[in-house]
Each structure stands twice: as C-alpha cells, then as structure tokens.
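Here the structure comes first, spelled out in structure tokens, and everything after it is commentary.
The values are calculated or read from the model by the stated rules, or taken from the named source; none is laboratory data. Predicted, not measured: the structure shown is a model, and the values here were computed from it. Positions of Cβ are backbone-derived with ideal geometry, glycine not excepted, and every protein chain shown enters the neighbour counts.
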Amino acid sequence: MIRIEALPAREGDCLWVEWDHAGRTRRMLIDGGRVGPGDTLPEGLAARFRREPLGERVFDLVVCTHLDADHIGGLIPLFREPPKGFTAHDVWFNGDQQLLGDVLSLDQADSLSRLLRDRTWNKRFEGRAAAVPLSGELPRTDLPGLRLTLLSPLWRTLRRLSRVWTLEVAKTERQRHTPEPGTAPDVLRGGDAGGPWEGLASRPYTPDQSLTNRSSIAFLAEHEDGSRVLFGADAHAEILGAGLRQLDGTPWGRPYQVDLCKVPHHGSSHNLSPQLLAQLDCRNWLFSTNGDRFGHPDRRAVARIAYRYERPVLWFNYLSPSTAEYARAELAAERGFTAEHPPADRPGADLTVSHGRVTRTQTIPGRAQ
C-alpha cells in the first residue's frame with residue numbers, strides 16, 4: 001500500500017507519502033510548497049505535522065525536486081526550525097554542493113544548502129548529484145518495502161544549470177511570494193477558454209523550455225505489493241519518456257503500466273506530450289494545484305488524458321476556478337472521465353494505492369484527521 005497526500009500548497013507541490021512494510025508505516029516527503037507568511041512552515045504542511053503523533057515523524061526520505069519557489073519554499077522553515085520529533089534519514093536535493101562546490105548566493109536554494117550543511121544529503125548518491133548518468137542503468141534505491149527508480153534529471157541538465165546557477169536562484173527568489181488572489185494569470189481566459197473540447201487534444205505540442213523544471217528529480221515508486229506511482233515533479237516529458245524506455249519488464253512498444261501519476265508541472269500542456277502519454281498505461285492522474293499563478297491545469301493537457309485513455313480518473317487537491325470545469329457531470333460523461341475534487345473549503349487529496357487499485361483514503365481509526 002502507498003498512501004499519497006497532496007497537501008494544499010496553492011499552485012505548488014507538497015506530497016506526504018506513506019507506505020506499509022513489516023507492520024510499520026514508513027514515510028517520505030516530496031517538496032514543501034511555498035513558505036507561509038513570514039517565511040514560516042506552510043499551513044498545509046504545518047497542519048499535517050500537528051495531526052501526526054510525535055513518535056511517527058520519522059521520514060526515510062525528504063525530496064526537494066528542484067529549486068522553484070513553489071517546491072523548495074516550505075522546506076526552508078522545515079529544516080530551519082524542525083517540528084518536534086522530525087527526522088529525515090536522507091534528503092535528495094541538487095544544491096550548490098553538487099553543482100558548484102561551495103559558491104553561495106542569497107536565495108532559497110542556497111538557504112537549504114546551508115541548512116543541510118551539517119548533514120550528508122544525497123546519501124544514496126554518495127553526496128553527489130541525484131541524476132541519471134550519461135550511460136548505464138537508471139539509479140535505483142531500495143527503501144524498506146519501496147523501490148525508487150530515478151527518471152530525471154540528466155547529468156547534462158545539471159551541468160547546464162551549474163553555468164547559470166546564480167541567475168536561476170535569483171529568479172526563484174523573485175518568485176518567493178504568491179501574488180494576491182485574483183491577480184494571477186488564468187489560462188481559462190486564454191484561447192482555450194470556454195470553447196469546445198474538439199481539437200484540444202490534437203493541438204500542437206510545444207515542450208517546456210524551463211531549465212529548472214528540466215532539473216526536476218522525478219522517479220517511479222514501486223511497493224512490494226506491486227503498486228506503482230510515478231512522481232513527475234515538474235520534469236520534462238521528453239526526459240520522463242526516455243527514462244520509461246529504459247525500465248525493464250515491459251515488451252518493446254507496449255506502454256509502461258503505473259497505477260497513479262502525479263501529473264508533471266501541475267498539468268501544464270508543455271509537460272504532458274502525446275508521446276509521453278503513449279508510453280504510459282495509467283488510469284489515475286493526480287493534479288496538485290489551485291491554479292493561482294498560471295491557471296493550471298491546462299485544458300489541452302486534460303483533454304489529452306481524456307482522449308488517450310478509457311475512463312481515466314482525474315484527482316484534484318483543489319476545487320478552484322481552474323479545476324471546477326471538470327466537476328461538471330455532463331462534461332465528464334461526454335468525455336468519458338471521472339473527476340474527484342475535495343470540498344472547496346477543505347483542499348487536499350488523500351489517495352491509497354493498494355495492489356494496483358486507487359481509492360480515496362479512509363479515515364484511520366484513532367488518528368486525528
């Protein structure tokens with residue numbers, strides 16, 4: 001069993017992941033969303049820690065997928081002032097130590113590097129970068145009961161990032177604070193807004209050009225019960241596709257089966273290519289965003305999923321202006337998908353993947369929810 005909680009992180013990612021092994025619950029945290037007011041722990045993550053007993057705040061792994069502010073931000077206060085009982089056995093983060101040696105600048109990425117300075121991080125990679133090598137097999141890590149296979153980033157991507165590190169981290173610093181509600185761009189007002197779905201899925205695909213997104217740590221998680229989850233971060237479709245082609249156990253030309261995919265880049269049409277979808281056999285798609293800054297998910301990305309698969313299930317962690325369209329029963333019936341939203345006043349998605357089946361997590365007796 002793998003349990004994935006897409007905590008409310010506005011337009012960002014903050015994924016609290018648990019799985020069972022030998023009668024115990026293991027944990028992993030992927031990203032932290034944006035910082036809260038006054039650079040504090042974001043409320044969604046803070047609330048989740050308040051619900052977790054002190055003795056159960058031990059994590060096998062914390063992953064900072066990349067240095068964009070809606071992913072790295074909340075991890076700064078987490079390591080600066082850790083909640084009582086918080087422990088992480090390993091941290092995956094490609095920071096200045098991996099990219100530059102010891103060159104510092106005044107941004108969130110270097111802030112996290114400094115906070116981790118007194119510990120060895122990227123232990124699985126012996127302190128070096130978490131990256132797919134130029135040749136050879138994909139890096140794999142075996143946690144108790146869970147195997148992780150790294151799909152992104154590529155070594156050459158991090159080499160490119162190292163050359164423009166200070167420019168990219170300065171950009172992250174400018175993105176630290178979310179604009180006030182209502183001031184962000186909204187793709188629902190763009191050329192795809194309100195029009196028919198016909199033709200959306202076949203509109204030309206243009207790939208993501210962001211170097212920081214290209215540097216995302218994305219991986220496949222496989223539980224000992226056979227369940228598979230693809231954590232796509234903000235990774236590029238082309239890199240994920242190349243990684244999927246290297247995975248063993250799938251006959252040539254047959255799509256790789258996963259039970260749940262955390263949609264890359266919050267559902268941007270630039271990160272969900274028709275070719276990537278053709279390489280995946282997946283019925284359940286998790287969207288982590290309220291659409292605040294960029295209006296994600298893009299209707300073209302959702303249409304590609306709806307047209308590609310038979311009766312896909314779209315899981316959202318917000319009922320917001322950018323996701324409410326998919327709650328319309330008539331649209332879902334017409335296009336053959338099912339959409340699952342939380343109540344508007346209680347954002348978040350809590351899913352369980354068990355023996356290949358994805359369901360909404362049931363309340364655990366004796367635990368506050």
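Just a few scattered comments:
- The residue that is nearest to residue 72 (Cα to Cα), among those in segment 34-54 that are of a type in the set (Lys, Arg) and modelled with pLDDT of 95 or more, is 48.
Listed here are the residues, each with its yes/no results for (1) over 18 Å from the mean Cα position of the chain (by Cα); (2) surrounded by fewer than 24 Cβ atoms within 10 Å (Cβ to Cβ); (3) under 24 Å from residue 137 (Cα atoms).
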site	(1), (2), (3)
206	yes, yes, no
210	no, yes, no
244	no, yes, yes
272	no, no, no
283	no, yes, no
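- For residue 334, the criteria (1) of a type in the set (Asp, Glu); (2) surrounded by fewer than 23 Cβ atoms within 10 Å (Cβ to Cβ); (3) within 20 Å of the chain's Cα centre (by Cα) hold in every case but one, which is (3).
- From the list 201, 233, the one residue that fits, being within 30 Å of residue 23 (Cα to Cα), small (Gly, Ala, Ser) and in a loop (DSSP other than H, G, I, E, B), is 233.
- Members of segment 10-29 that are surrounded by 24 or more Cβ atoms within 10 Å (Cβ to Cβ), touching a helix residue (DSSP H, G or I) at 6+ places or on another chain (Cβ under 9 Å) and assigned to a strand (DSSP E or B): 29
- If you go through segment 204-230 and keep only what is of a type in the set (S, T, N, Q) and assigned to a loop (DSSP other than H, G, I, E, B), you end up with 206, 209, 210, 215, 216, 227.
- Taken together, the residues in segment 276-328 that are closer than 23 Å to residue 196 by Cβ, part of a strand (DSSP E or B) and touching a Leu at 6+ places or on another chain (Cβ under 6 Å) amount to 1.
- Residue among 193, 201, 221 that is within 19 Å of the chain's Cα centre (by Cα), of a type in the set (A, V, I, L, M) and either more than 24 Å from residue 75 (Cα to Cα) or at pLDDT 90 or above (or both): 221
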